[in-house]
Amino acid sequence: MQIDVVCDDMYGGEAYAKLFENIIGDIGKSFMIVKAKLVLKPEVPLFIFSVILKNAPGCKVMSEAASFRQEGDELYVSISNERYAPDVLSNLWKTYGRPNVDQNTRFDLVVRGAKQEDVENMVISSGEEAVEEILGAFWRALPEGIRVRDAMIDGKVITVIATEEIMVKELKDEGVLVHEGMIKEGEAIPDV
C-alpha cells in the first residue's frame, strides 16, 4: 500500500503514516488498499483520510471462493481463495449445521444434504462489512478530540473529513477535492 502524507511536520507525518498502516494491517485490510492519502493539519484542525481500494466493495458468493463436485447427497467443496475460507465454513455451518459439514483438510469440505446450485450463489461477504471496518480504522487513527466526521464513498474510493467542532464549508471543500482527486487516480488503476 502506497501512503502519501500531506503535513507540515515531516516527523509527525511519518509517524502518522506508520500508525495508519499498522491500524489497517491490524484489521487485515491492507490487501484491499492500493493507495492512501493522509492530509494532516492539526493546527486547523483538519484530518482527511482517503483510500483507493483494489476493487469496489461488493458481494462475494460461494462460487467466487470455491469449486464444487456433487456426488449423490454429498457436496464436495474445495476452497480456492484462502481469504474467504472462514466465511465459506461459517456459512455452511449456519445453513447445514456443523454435524453435516466435514472438514477433511483446511480447504476441502464435504457437506451432506447440500445441492450445488443452492450453495454456489450463497453470499459469503457483502462488502459492507469491509467498508465499515475501514471506516472504523479511520476513526481509530484520528486524534481523540476530533469528533465531527464526514465520510464519502464512491466506487473504489473512501474518504473521511474530520475536524474538532464545526465542519465549515472550506474544510468540507478541501476534503471533496482530495476525494475527487483520488477518484481520478482510482480510475487509472484497473480492478484487481
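Across the protein chains, with a 1.4 Å probe defining accessible surface, the residues Cys59, Cys7 rank Cys59, Cys7 from largest area downward. Pairs of lysine residues in the chain that meet both criteria, 8 or more places apart or on different chains and Cα atoms under 21 Å apart, total 28. As a fraction of the 1.4 Å probe accessible area of the range 1-121, surface on carbon and sulfur atoms comes out at 48 percent. Residues considered: Ala15, Ala130, Ala151. Largest GNM mean-square fluctuation over the chain, using C-alpha springs under 10 Å, is found at Ala15. Against the chain, whose longest principal axis is taken from its Cα atoms, helix 10-26 shows a tilt of about 20°. Measuring gaps between exposed loop sites in the chain (GluC sites (Glu not before Pro); DSSP loop; at most 13 other Cβ atoms within 10 Å), the longest gap, sites not included, is 44-143. The angle between the Cα long axis of helix 169-187 and the longest principal axis of the Cα atoms of the chain comes to about 50 degrees, rounded to the nearest 10. Of the trypsin sites (Lys or Arg not before Pro) in the range 147-192, the ones in a loop by DSSP (not H, G, I, E or B) with at most 14 other beta carbons within 10 Å are Arg147.
The values are calculated or read from the model by the stated rules, or taken from the named source; none is laboratory data. Model, not experiment: these values are computed from the prediction. All Cβ positions, even for glycine, are placed from backbone atoms using ideal geometry, and neighbour counts span all protein chains on display. When the accessible area is computed, the model is the full protein with side chains, heavy atoms only, and any ligands, DNA or RNA have been set aside. Shrake-Rupley method; radii C 1.70, N 1.55, O 1.52, S 1.80 Å.
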